[in-house]
Amino acid sequence: MITGAVTADREAVIRLAVRGPAGQEQQIEAVVDTGFDGWFSLPPALIALLGLQWGRRGRALLADGSESVFDIYEGTVVWDGIPRRIAVDEASTAPLVGMALLDGYELNVQVRSGGGVTIKVLP
C-alpha cells in the first residue's frame, strides 16, 4: 500500500523513489492527477539529475484546447515496493502520478487539509 496526504491546496501527494539508469535515486513528492492519463511526469531538472534516457516525443491535448509536444524518457519508479520501468513525461510542473500508473489499484482520498491518501492493489 502507498500512503500520502492532502495538502492545504487540496492536492493528493505521495512520496516515491525514482531511479535513473545508473541506479541513482531521488525521493520525489508527486501529486496524484486523475486528469493525466499517462504514467508519470517530472520537470526537466529532475530528469537531468537522474540521467533518464530519452525515448520519444509525445503530444497531448490540454484542457484549454491547445496541443503540447513533450519529450518522453524511460525511468524506474518504486511503486508499492516494486521497481517498475515506466515512461516519464517531461513537464514543467510538479511531478505527477497519472492514471496509467494507478491502473489496477484503488485510490482513496480524504479531501481535506491533512486528509489521508491511500493507494492499494485491487484484488
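The values are calculated or read from the model by the stated rules, or taken from the named source; none is laboratory data. Since the model is a prediction, treat every value here as computed from it, not as a measurement. Every residue, glycine among them, receives a Cβ derived from its backbone with ideal geometry; neighbour counts consider all protein chains shown.
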Check: Quick check, is A22 in contact with a strand residue (DSSP E or B) (Cβ under 9 Å, 6 or more places away or on another chain) and either in contact (Cβ under 8 Å) with a residue 40 or more places away in the chain or surrounded by fewer than 18 Cβ atoms within 10 Å (Cβ to Cβ) (or both)?
Finding: no
Item checked: Top-ranked residue of the stretch 44-62 - restricted to ones that are over 23 Å from A22 (Cα atoms) and hydrophobic (A, V, I, L, M, F, W, C), ranked as modelled with the lowest pLDDT -> L62
Note to self: Looking at A60, A30 in this structure, which one is under 29 Å from K120 (Cα atoms), over 13 Å from the mean Cα position of the chain (by Cα) and surrounded by 14 or more Cβ atoms within 10 Å (Cβ to Cβ)?
What the structure shows: A60
Notebook entry, point to check: Does F36 qualify as being out of contact with any His (no Cβ under 6 Å at 6 or more places or on another chain), free of Cβ contacts under 8 Å to residues at least 24 places away in the same chain and of a type in the set (F, W, Y)?
Noted result: no
Notebook entry, point to check: For L101, all conditions in the list (1) touching a Lys or Arg at 6+ places or on another chain (Cβ under 9 Å); (2) of a type in the set (A, V, I, L, M); (3) farther than 27 Å from L122 by Cβ hold save one; what is the number of the exception?
Noted result: (3)
Checklist line | Subset of the stretch 33-57 [under 15 Å from the mean Cα position of the chain (by Cα), among the aromatic types (F, W, Y) and assigned to a strand (DSSP E or B)] | finding: F40
Next item on the list: Would you check which residues across the stretch 64-90 are assigned to a loop (DSSP other than H, G, I, E, B) and either touching a Gly at 6+ places or on another chain (Cβ under 9 Å) or farther than 17 Å from G35 by Cα (or both) and list them?
Entry: D80, G81
Note to self: What's the number of the only condition in (1) surrounded by 11 or more Cβ atoms within 10 Å (Cβ to Cβ); (2) of a type outside the set (A, V, I, L, M); (3) without any contact (Cβ under 8 Å) to a residue 12 or more places away in the chain that G65 fails to meet?
What the structure shows: (1)
Next item on the list: Collect the residues in the stretch 39-57 that are surrounded by 14 or more Cβ atoms within 10 Å (Cβ to Cβ) and touching a Phe, Trp or Tyr at 6+ places or on another chain (Cβ under 9 Å), keeping them in residue-number order.
Entry: S41, L42, I47, L50, L52
Check: What is the number of the single condition among (1) closer than 20 Å to M99 by Cβ; (2) modelled with pLDDT of 95 or more; (3) not polar (S, T, N, Q) that D37 does not meet?
Finding: (2)
Notebook entry, point to check: If you take the residues in the stretch 68-87 that are under 14 Å from P44 (Cβ atoms) and in contact with a helix residue (DSSP H, G or I) (Cβ under 7 Å, 6 or more places away or on another chain), which one is surrounded by the most Cβ atoms within 10 Å (Cβ to Cβ)?
Noted result: G75
